[in-house]
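The values are calculated or read from the model by the stated rules, or taken from the named source; none is laboratory data. Remember, it's a predicted structure, so these values are computed and weren't measured experimentally. FYI the Cβ positions are ideal-geometry reconstructions off the backbone, even for glycines, and counts take in every protein chain you see.
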Amino acid sequence: MRVDKYLWCIRYYKTRTIATTACKKGQVRVNDDVVKPSREVYPLDTIQLRKEQINYKIKVNDIPESRIGAKLVDLYRTDITPKEQFEAKELLKYSKDYYRKKGTGRPTKKDRRDIDDYTDETTITDI
């Protein structure tokens with residue numbers, strides 16, 4: 001089975017087109033080799049893919065006939081992704097925690113006061 005179709009069948013990508021695009025961008029590796037979407041996948045292959053800033057590692061157990069239900073995914077793959085990858089994503093979520101999206105409208109009164117305080121402090125220390 002093609003690698004793009006396999007990743008779509010085991011529900012790592014929502015559509016096969018997205019899986020194909022990820023392969024073309026070099027985000028998918030089979031046995032440490034960057035692959036094209038047409039590369040065949042066999043049992044006992046190791047697939048590495050980068051999705052949403054996480055480097056997933058998958059071991060192929062078996063090849064499904066077609067797209068399968070979410071409950072049956074573990075029959076066809078073994079997830080060997082290190083837990084550090086998921087912890088890094090949690091830390092990234094906290095670092096992006098911001099009360100207002102950047103560039104959405106004018107600054108609020110609080111933003112303006114913070115900007116004024118910052119600029120006043122820099123001009124006083126520069127003198």
Counting only residues in the range 37-59 that are touching a residue at least 24 places away in the same chain (Cβ under 8 Å) and part of a loop (DSSP other than H, G, I, E, B), the one nearest to the chain's Cα centre (by Cα) is identified as GLU52
Those residues of the range 1-36 which are in a loop (DSSP other than H, G, I, E, B) and among the polar types (S, T, N, Q) amount to THR15, GLN27, ASN31
Among (1) surrounded by 12 or more Cβ atoms within 10 Å (Cβ to Cβ); (2) touching a residue at least 24 places away in the same chain (Cβ under 8 Å), SER66 falls short only on (1)
_Quick check on GLU40: is it over 17 Å from LYS14 (Cα atoms) and loosely packed, with under 11 Cβ neighbours inside 10 Å?_
no
Restricting the range 87-127 to residues that are under 34 Å from the mean Cα position of the chain (by Cα) and aromatic (Phe, Trp, Tyr), the one modelled with the highest pLDDT turns out to be TYR94
